[in-house]
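One structure below.
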Amino acid sequence: MDEVAALVKADPVAYRLKHLTDPRLIDVVNAAAKAAKWEARPSPKPAIAKTGMATGRGIACVLYEGNNGYCALVAEVEVNQDTGKVTVKRFVASQDCGPISNPDGLKNQLEGGVIQGMSRALGEEVTWDQAKITSIDWRTYRAVPLGGDVPAIESVLINRPDARAAGAGETAITIVAGAIGNAIFDATGARIREAPFTPERVKVALAARG
């Protein structure tokens, strides 16, 4: 969807909203974009420099498993175009899982899913050689470290007390890579298609953009 929006030079949020019909999915997209103070314009950013630091934003959304929870996520990233390193600076997530009985618990689920999704998008990868799996411990399985590398995460919870209860534990994790990948494209004009988005893969994508 992001690629089609870029092809027709449309804002990624507006283009999604134009083609969505589910009102609850529309609501989470609007909620995330509003909370993130989304700048309405096509991606990628105009006048992109080919070296140095670049910043961008991307969005992704999901109706999980077709009927089991709604989520939208905005990612803001910084890309070092000389090294290929991607740093997520901020996430804004909105979620609708029907009635909310424990807002703190739901926020924890949402933000935990975003953090795990970031680790999968930027670092986690099973590796192997001709004989065996080679990612066998925390030194060889490259999970993204926590602590100071965790970006700011803002959550918007949409309460629907009259709706059927839906999933809340796995919705956000499914769209993190999409939001980050779209933000990398917005920042650099390079579309990366293989996760995790390691510096090596980002540099290949940057070189391929021409």
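The values are calculated or read from the model by the stated rules, or taken from the named source; none is laboratory data. All of these numbers come straight from a predicted model, not from anything done at the bench. Here the Cβ is made from the backbone with ideal geometry for all residues, glycine too, and neighbour counts use every protein chain on show. Areas reflect the complete protein model, heavy atoms only, side chains present, ligands, DNA and RNA absent. Shrake-Rupley method; radii C 1.70, N 1.55, O 1.52, S 1.80 Å.
Considering the conditions (1) within 30 Å of ALA47 (Cβ to Cβ); (2) in contact with a Lys or Arg (Cβ under 6 Å, 6 or more places away or on another chain); (3) of a type in the set (Gly, Ala, Ser), GLY178 is excluded by exactly one of them, (2). Say we look at segment 70-98 and pick out the residues that are open to solvent by less than 50 Å² (accessible area, probe 1.4 Å) and out of contact with any helix residue (DSSP H, G or I) (no Cβ under 9 Å at 6 or more places or on another chain); which of these is farthest from ARG120 (Cα to Cα)? Out of the qualifying residues, it is GLY98.
Listed here are the strands (runs of 3 or more DSSP E) enclosed by segment 39-146 that have at least 1 residues being of a type in the set (Lys, Arg): 53-63, 86-96.
Which residues, counting only those in segment 191-210, are among the hydrophobic types (A, V, I, L, M, F, W, C), farther than 27 Å from LEU63 by Cα and either in contact (Cβ under 8 Å) with a residue 12 or more places away in the chain or open to solvent by less than 40 Å² (accessible area, probe 1.4 Å) (or both)?
Result: VAL202, ALA205, LEU206, ALA208.
Taking first residues from segment 149-170 that are modelled with pLDDT of 95 or more and partners that are outside any strand (DSSP E or B) and basic (Lys, Arg), the Cβ contacts under 9 Å between residues at least 6 apart in sequence or on separate chains come to SER155/LYS107; VAL156/LYS34; LEU157/LYS107; ILE158/ARG24; ARG160/ARG24; ALA163/ARG24.
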